[in-house]
Amino acid sequence: MLPCTPAADSLEWLARPALQALIDALTARGHRVVGPQVADGAVVYRDLADVNQLPAGWLDEQDGGHYRLRRDDAAGWFDHVVGPHSLKNFLFPPREPIQRLVREDGTWREEPAPQEQQPLAVIGVRACDLAALRVQDRVFLHGGHVDVAYQARREKLFVVAVNCRRAAATCFCHSMKCGPAATHSFDLALTEAGNRFAVEIGSERGREILSALGTAGLLTPCTADEADRVRTIPHDLERTMHARVAEPGVPRPRSLDTDGIRDLLYDNLEHPRWRVVADRCLSCANCTLVCPTCFCSSVEEVADLSGDDVTRERRWASCFTLAHSQMHSGAVHATVASRYRQWLTHKLAGWIDQFGTSGCTGCGRCITWCPVAIDLTEEVAMIRESAPP
Amino acid sequence: MPKKPRLAVFKFASCDGCQLQVLDAQDSLLAIAERVEIAHFPEARSQSLAGPYDIGLVEGSISTPADIARIQEIRRECRFLVTIGACATAGGIQALRNWCRIDEVVGSVYASPVYVESLAQSTPISEHVPVDFELRGCPIDTGQLVELITAVVIGRQPRVPRHSVCVECKEAGTVCVTVAHGIACLGPATQAGCGAICPAHGRECFGCYGPAEQPNLVSLTGFYEHRGTPRPHLARLVRSFNAWAPDFRHEGDRLEHGTGADSP
């Protein structure tokens with residue numbers, strides 16, 4: 001077989017087991033490789049050394065406050081959708097030291113910043129999470145202030161996206177126009193078909209590594225017809241998602257009517273629905289912590305007993321805690337209703353003013369991982385249904 | 001060098017586990033001893049120096065008539081009074097007797113109950129004297145204790161968040177046991193601090209750190225019950241180490257007797 005040189009606009013076939021060669025190549029280039037794996041009853045991101053660690057034959061059933069895995073021998077390696085983890089867990093970690101000061105003989109000196117981290121490669125990123133990556137890039141890189149730690153990790157990130165062939169009931173990327181097709185922000189994208197992957201190149205680094213696989217004789221070219229068929233897979237799914245209807249006995253397929261959503265929410269800040277949802281909301285913060293775009297953090301000073309060694313630590317924060325809006329005379333968002341309203345109106349309306357895009361990518365994590373099954377698509381629908389004209 | 005702040009540790013009705021957490025500070029113990037004078041700590045040191053003290057750590061609940069008099073005296077001796085653990089902050093596991101007849105409880109435990117002087121209820125320190133800070137947990141977390149002493153020594157607020165245990169699960173990347181396994185977990189209504197140990201091992205949160213800020217127990221237990229957890233199981237969940245903490249107490253009463261917001 002002749003070595004196959006991949007081109008940017010073509011697709012190449014990679015036999016499923018040969019995905020191991022991609023993991024090995026990324027590892028050999030110094031990446032920490034992370035991929036989806038079954039652990040503790042969910043598909044989560046973990047360090048990936050072997051293709052046998054991937055969740056082959058596992059499907060996830062998701063609904064409000066509900067996540068279960070089930071075996072399906074007909075399922076592929078990536079037919080699960082999104083689990084509780086996202087790229088945020090790696091690019092914007094829950095805790096991060098940002099500065100350390102040490103006092104010696106009455107003089108403060110700054111300790112050198114932590115060593116540059118190992119570049120990260122993530123396999124199995126879905127379109128909704130690519131959209132979330134773009135959103136977090138806007139926040140951390142393209143605003144008035146560049147977050148240098150995020151930037152260092154982001155620039156070295158290698159993304160192997162996967163086109164979804166299946167949607168959970170909680171998925172509504174089709175409503176948010178974020179998926180299910182992976183169209184941007186990846187280095188390579190995989191589409192599973194039969195017992196092989198069609199691989200698409202998204203960047204120069206992606207081309208370089210795929211060329212190495214080609215040189216090793218692991219690639220075969222897709223014919224034009226095959227490429228056309230592969231490319232329709234996520235688009236067929238998108239059409240299916242638009243056509244989904246609720247049926248008795250199965251989780252309701254989610255969608256979100258985004259028409260005029262910014263004004264809808266701004267015009268209904270006193271809608272009685274906020275109090276209804278507050279009766280259910282635990283303000284436990286789960287929705288914000290699993291959200292791949294939520295970016296709030298607080299900075300705390302962690303000192304040792306002597307007060308001579310002080311680390312400034314950035315930690316995830318959530319608008320569902322009272323501390324988030326604590327001011328000199330108490331919390332601004334003192335009630336659960338005001339905190340839920342703050343979160344939803346920022347996510348779906350304020351974000352548009354602030355960043356020119358919605359803060360929601362339709363991944364559905366906030367629905368699945370809410371312990372009491374609060375569903376933002378339902379809350380918006382209820383407000384829309386009963387909004388005063 | 002200014003005089004070191006003087007630290008005293010007192011014990012009431014308790015298992016001593018929180019005092020052991022003080023001793024468990026290990027590497028920090030020498031640093032603590034360097035920054036504060038450990039003036040009174042009977043569990044660790046036979047020498048006891050008289051008050052007044054700058055920092056008083058109080059373990060245990062008020063359980064006997066003598067306790068009531070002694071906590072008043074301790075309050076007078078301590079500039080900054082901190083209660084440590086579920087007993088001192090909420091009455092502890094022994095507050096389960098608050099729902100029983102005291103003579104029956106005493107009679108079932110002691111051969112000669114005539115010698116036992118016990119109050120009808122086990123109550124937190126704050127029901128008897130003003131408390132400056134409550135450090136939660138059964139037992140308390142050593143890291144939070146060191147942070148508290150550091151904050152008092154430096155003169156700033158301690159970093160002891162009042163948000164839910166869920167925050168710690170998500171920080172650790174732990175898969176939610178409620179959502180992924182259908183386990184009735186008290187984490188969404190419980191204050192963080194333990195590092196979410198139990199869910200990391202596939203078990204529910206048992207509420208060792210007491211109610212989180214503004215807990216919505218009615219919604220949480222209502223959802224669990226709707227999903228199939230029997231009501232007596234939910235009542236037992238809130239009736240443990242922090243059973244007498246008002247939010248847990250009221251929810252336990254509601255679950256057991258059907259009183260409260262959504263009683264049938």
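The values are calculated or read from the model by the stated rules, or taken from the named source; none is laboratory data. If you're wondering where the values come from, they're calculated on a predicted model, not measured in any experiment. Glycine also receives a Cβ, built like all others from the backbone with ideal geometry; neighbour counts cover every protein chain displayed. For the accessible areas, the whole protein counts, side chains as well, though only heavy atoms, and no ligand, DNA or RNA atoms are used. Shrake-Rupley method; radii C 1.70, N 1.55, O 1.52, S 1.80 Å.
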Net charge (Lys, Arg +1; Asp, Glu -1) of residues whose beta-carbon lies under 15 Å from that of A:Asp40, A:Asp40 excluded, is +2
For chain A, built as a Gaussian network whose Cα springs stay under 10 Å, the top-fluctuating residue of A:Ser306, A:Ser325, A:Ser283 | A:Ser306
Distance from the Cα centre of the range B:229-253 to that of the range A:82-133, in angstrom?
-> 39
Normalized C-alpha radius of gyration of the range B:72-137, against 2.2 N^0.38 Å?
-> 1.32
Taking amide H positions as placed in the peptide plane 1.01 Å from N, state which residues far from B:Ala13 in sequence (5 or more) or on other chains have amide H under 5 Å from it.
-> B:Ser61, B:Ser63
Just checking chain B: which Cys have no other cysteine's beta-carbon under 4.7 Å?
-> B:Cys15, B:Cys18, B:Cys78, B:Cys87, B:Cys100, B:Cys169, B:Cys176, B:Cys185, B:Cys194, B:Cys198, B:Cys205
Largest first, how would B:Arg6, A:Arg46 line up by accessible area (1.4 Å probe)?
-> A:Arg46, B:Arg6
Would you give the gap between the C-alpha center of the range B:96-135 and the C-alpha center of the range B:154-195, rounded to a whole Å?
-> 30
For chain B, averaging the sequence separation of alpha carbon pairs under 8 Å that lie six or more residues apart and dividing by its residue count, the contact order in percent is 17
Per residue, how many Å² of accessible area does the range B:13-113 show with a 1.4 Å probe?
-> 48
Hey, what did chain A get for relative contact order, percent, Cα under 8 Å, at least 6 apart?
-> 23
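Enter the accessible area per residue of the range A:11-243 (Å², integer; probe 1.4 Å; all protein chains in place).
Working: 9910 Å² over 233 residues.
So the range A:11-243 comes to 43 Å² accessible per residue, rounded to a whole number.
Using a 1.4 Å probe over the heavy atoms of the protein chains, calculate the carbon and sulfur portion of the accessible area of the range A:11-243 as a whole percent. Working shown, then result.
Details: 4940 of 9910 Å².
Roughly 50 percent of what the probe reaches on the range A:11-243 is carbon or sulfur.
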Assuming R0 = 35 Å, can you tell me the calculated FRET efficiency for the pair B:Ser126 and B:Leu30, based on Cβ-Cβ distance, to the nearest 0.05?
-> 0.65
With label points set 7 Å from each Cα along the Cα-to-Cβ direction at A:Ala224 and A:Val245, the distance between them in nm comes to 4.0
Quick calc, chain A, dipole around Cα centre from Cβ unit charges on Lys, Arg (+) and Asp, Glu (-), nearest 20 debye, gives 460
Within the set of other residues whose C-beta is less than 15 Å from the C-beta of B:Pro199, count the net charge using Lys and Arg as +1 and Asp and Glu as -1.
-> -2
Report in % the part of the accessible area of chain B that belongs to carbon and sulfur, leaving out ligands and nucleic acids; probe 1.4 Å.
-> 56
Find the eigenvalues of the gyration tensor of the Cα atoms of chain B, then list the square roots of 5 times those eigenvalues as equivalent ellipsoid semi-axes, largest first, in whole angstrom.
-> 33, 25, 14
Residue-normalised 222 nm signal for the protein assembly as shown, counting each DSSP H run of n ≥ 4 as -39,500 (n - 2.57), nearest 500 deg cm²/dmol, is -9500 deg cm²/dmol
How big is the protein assembly as shown by the Kirkwood estimate over distinct Cα pairs, in Å?
-> 27.5
Extreme residue, positive dipole direction of chain A, given options A:Gly64, A:Ser283, A:Val299 (C-beta unit charges) = A:Gly64
Any lysines with Cα under 17 Å of the A:Lys177 Cα? List them, leaving off those in the same chain fewer than 8 positions away.
-> A:Lys347
For the range A:307-373, report the accessible area per residue in Å² (1.4 Å probe, heavy atoms, rounded to an integer).
-> 34
Quick one: order A:His235, A:His145, A:His174 from most to least accessible surface, probe 1.4 Å.
-> A:His145, A:His235, A:His174
For the range B:6-154, what is the convex hull (Cα atoms) projected area averaged across all directions, in square nanometres?
-> 9.0
How many angstrom separate the Cα center of the range A:30-46 from the Cα center of the range A:251-298?
-> 29
Projected onto their principal axes, the Cα atoms of the range B:165-257 stretch, largest extent first, over whole-Å spans of 37, 26, 19
The range A:149-305: radius of gyration over Cα atoms, expressed as a fraction of 2.2 N^0.38 Å = 1.43
With heavy atoms of protein chains only and a 1.4 Å probe, what residues of the range A:298-330 have at least 20 Å² less accessible area in the full set of chains than alone?
-> A:Glu300, A:Glu301, A:Val302, A:Ala303, A:Leu305, A:Ser306, A:Arg315, A:Trp316, A:Thr321, A:Leu322
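What's the local net charge at A:Gly214, with K and R +1, D and E -1, over the other residues with C-beta under 11 Å away?
Combined, the nearby Lys, Arg, Asp and Glu give -1.
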With each pseudo-label sitting 7 Å past Cα toward Cβ, what's the B:Gln157-A:Glu301 distance in nm, one decimal?
-> 1.4
q = 0.13 Å⁻¹: log10 I(q)/I(0) that the Debye formula gives for the range A:24-80, counting C-alpha atoms only = -0.37
Please give the total accessible area that chains B and A bury against each other, computed with a 1.4 Å probe and expressed in Å² to the nearest 100.
-> 3000
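Rounded to a whole number, what % of the accessible area of the range A:261-386 do carbon and sulfur atoms account for, probe 1.4 Å?
53
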Any chance you could check the range A:269-293 for residues losing 30 Å² or more of accessible area when the partner protein chains are in, compared with the chain on its own (1.4 Å probe)?
-> A:Leu282, A:Cys284, A:Asn286, A:Leu289
May I ask you to give the average projected area over all directions of the convex hull of the Cα atoms of chain A, in nm² rounded to one decimal?
-> 22.9
Per residue in the range B:173-197, which ones lose no less than 30 Å² of accessible surface when going from chain alone to all protein chains (1.4 Å probe)?
-> B:Gly173, B:Val175, B:Val179, B:Ala180, B:His181, B:Pro188
Spin-label point model (7 Å from Cα, Cβ direction): what's the A:Asp72 to B:Lys4 distance in nm?
-> 6.6
